[in-house]
Amino acid sequence: AQKVTQAQTEISVVEKEDVTLDCVYETRDTTYYLFWYKQPPSGELVFLIRRNSFDEQNEISGRYSWNFQKSTSSFNFTITASQVVDSAVYFCALSEAVNYGQNFVFGPGTRLSVLP
Amino acid sequence: NAGVTQTPKFQVLKTGQSMTLQCAQDMNHEYMSWYRQDPGMGLRLIHYSVGAGITDQGEVPNGYNVSRSTTEDFPLRLLSAAPSQTSVYFCASSYSGLAKGRTDTQYFGPGTRLTVL
């Protein structure tokens, strides 16, 4: 069975600090997809990134970076020089290739508060 | 392109009432899903559909019905509302084309906040 764990329930940082959100996943499938979503206070879900299991390259997009490590089943998300607008709940999600689209499994989310 | 739309945005029901949450997408996506979001639990899958006329149960299907008569629409019906169904409901849609290497994801609607008294 697939499972996603986000051990950090809430994180508070001061603006301009770097912060890393942890995501650990479990799956028996050899091909799978990992995602990060942002849910700002307004409530909508904003797609941030998708990573395929066969592509272990790390990715950087502006102040955001993602570290995918199959050896530890982790897909961590780092925000560099955090800003108040980064305050949101962040969800990590997993979808196995065999049933992609039919079942995304989400972690419980990490609430990030960036203080001015 | 409106993306994924949901109506209503807010709803208050009394225990035992029934209602339908509407979801529509204009992206010609094969897959559509309904999730509920409860505090501290992330999103949990209620029902999903892989195409018109085909639906299946997710992790928490009890108390909900779905149907998919068209590609665009995927309504969620609460047959007899209970306080335990107080939640935020999200509809999502996606292509089924991961095997073709699409760098795609699920697209979510804005959500419906439901309160059952």
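The values are calculated or read from the model by the stated rules, or taken from the named source; none is laboratory data. Every value quoted in this text rests on a predicted model; they were computed, and no experiment measured them. FYI the Cβ positions are ideal-geometry reconstructions off the backbone, even for glycines, and counts take in every protein chain you see.
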> Looking at A:F91, A:F68, A:F75, which is the one that is facing another protein chain (nearest Cβ under 9 Å) and within 13 Å of the chain's Cα centre (by Cα)?
Replying inline: A:F91
> Any idea which residue in segment A:26-43 is nearest to the chain's Cα centre (by Cα), counting only those that are at the interface with another protein chain (Cβ under 10 Å from one of its Cβ atoms) and farther than 23 Å from A:A97 by Cα?
Replying inline: A:Q39
> A:I60 versus (1) without any contact (Cβ under 8 Å) to a residue 12 or more places away in the chain; (2) of a type in the set (A, V, I, L, M, F, W, C); (3) under 18 Å from A:Q8 (Cβ atoms): which is the lone unmet condition?
Replying inline: (3)
>> Of the residues A:Q83, A:Q102, only one is among the polar types (S, T, N, Q), at pLDDT 95 or above and surrounded by fewer than 19 Cβ atoms within 10 Å (Cβ to Cβ); which?
In response: A:Q83
